[in-house]
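K.L.:
Below is a structure I'd like to ask you about.
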Amino acid sequence: MDFNEFKEQFTEDVKQGLADAGIDAKISINTVEKMNETYEAMTVTPEGSNVGVNVNMEKFFEAYENGTPYEDVVDKAVNVIEGGFANQPTVDVSALTDYDQMKDKLIMEVVSAEANADMLDKVPHKDMEDMAIVYRFEINSNDDGRATILVTNQLIETMGVTPEQLHADAMENAPELKPAVIKGMSEVMAEMMGVSTEDLAMMGMPMDPADEQMFVASVPDKIHGAGVLAYQDFMDQAG
């Protein structure tokens, strides 16, 4: 079956799979626009809730086309949605449009301006060379991941805040929430490989900062670490 046929059948079967698991949910199909990615999604919202889970239907169709049995694709989607419900952060929806409550959660993300040209028309941003600074509210962050909301033009209009004020508050809050972390490449490699820095030294990789030829700048959770480029004092810190 083609993608349109898959979407229709998949939606029905996932809804039934959730019902069999005792979950009564509303399902809608929509296009999700994210930085660096746009996809067709199934949005699943439990009855009585206003917070749902998005499932990338294109990824599941790709698995089906690559030979995964259809029934297994449906079962996987149901499991993913159930896991999403179980791990949803507690969100005070009324606070999401209250800028006074949300501004302390502001962080920044740096993205390619060319690759995200269409999306940038819909979000407040600040150009930086061939990149663009966009803004997010970080709702929740833990070892399992994080939940953020991309700030859109519509959202700040609802909040009654200007792009200039948004940027000023983000410049103040983001370095506090996500401080820049600068490490030598050898230390980063040791973390990625799960070995000690002493082991890397035995492999001939430099451990003395004076011997490093490359450094990595990021944030503590290593998610959207390029945002540190927008920090006001980052270049001084790097120096």
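K.L.:
For the stretch 46-89, compute Rh as the Kirkwood radius over C-alpha pairs and then the Stokes-Einstein diffusion coefficient at 37 °C and 0.692 mPa s; write the answer in µm²/s, rounded to an integer. Walk me through the numbers on the way to the answer.
P.N.:
Values: Rh = 11.4 Å.
Answer, rounded: 287 µm²/s.
K.L.:
I've got another one for you. State to the nearest 20 debye the size of the charge dipole of the chain about its Cα centre, where the only charges are +1 on K and R beta carbons and -1 on D and E beta carbons. Walk me through the intermediate numbers first.
P.N.:
Values: 15 positive and 47 negative charges, 79 e Å.
That gives the chain a dipole magnitude of about 380 debye.
K.L.:
Please grab the % of Cα pairs in the chain that end up more than 30 Å from each other. Before the final figure, lay out each step's value.
P.N.:
Working: 12102 of 28441 pairs.
The share of Cα pairs beyond 30 Å in the chain comes to 43 percent.
K.L.:
Then there is this: How big is the accessible area of Leu229 in square angstrom, nearest 10, if you roll a 1.4 angstrom probe over the protein chains?
P.N.:
80
K.L.:
With no solvent and one point on each alpha carbon, what is the Debye value of log10 I(q)/I(0) for the stretch 10-129 at q = 0.19, 0.21 Å⁻¹?
P.N.:
For the stretch 10-129, the Cα-only Debye profile gives -1.12, -1.20.
K.L.:
While we're on this one: Roughly speaking, what is the centre-to-centre gap between the stretch 1-59 and the stretch 99-134 when only Cα atoms are used, to the nearest Å?
P.N.:
The two parts, judged by their Cα centres, are 27 Å apart.
K.L.:
For the chain, what is the mean residue ellipticity at 222 nm derived from helices alone (per DSSP H run of n ≥ 4: -39500 (n - 2.57); sum divided by total residues; nearest 500 deg cm²/dmol)?
P.N.:
Working: 10 runs with 94 residues, N = 239.
When only DSSP H runs of four or more count, the value is -11500 deg cm²/dmol.
K.L.:
Further question: What distance in nm separates the simple spin-label points at Ile29 and Gln16, each placed 7 Å from Cα in the Cβ direction?
P.N.:
Modelled inter-label distance: 1.7 nm.
K.L.:
Given a cut-off of 20 Å, name the pairs among Lys183/Lys222; Lys126/Lys183; Lys59/Lys122 whose C-alpha atoms lie farther apart than that in the structure shown. Let's see the in-between values first.
P.N.:
Numbers: Lys183/Lys222 12 Å; Lys126/Lys183 27 Å; Lys59/Lys122 25 Å.
Exceeds cut-off: Lys126/Lys183; Lys59/Lys122.
K.L.:
Which one of Ala113, Gly160, Gly239 is farthest out on the positive end of the charge dipole of the chain, using unit charges on Cβ (Lys, Arg +1; Asp, Glu -1) and the Cα centre as origin?
P.N.:
It is Gly160.
K.L.:
Can you send over the carbon and sulfur percentage of the accessible area for the chain, probe radius 1.4 Å, protein chains only? Could you put the intermediate results ahead of the total?
P.N.:
Working: 6550 of 13900 Å².
Here carbon and sulfur together make up 47 percent of the probe-accessible area.
K.L.:
Something else now. Over the chain, with the other protein chains present, what is the accessible area per residue in square angstrom, probe 1.4 angstrom? Let's see the in-between values first.
P.N.:
Working: 13900 Å² over 239 residues.
The answer is 58 Å² per residue.
The values are calculated or read from the model by the stated rules, or taken from the named source; none is laboratory data. Here the structure is a predicted model, which is why all the values come from computation and not from measurement. Cβ atoms come from the backbone with ideal geometry, glycine included; neighbour counts cover every protein chain shown. Note: accessible area is taken over every heavy atom of the protein model, side chains too, but ligands, DNA and RNA are not part of it. Shrake-Rupley method; radii C 1.70, N 1.55, O 1.52, S 1.80 Å.
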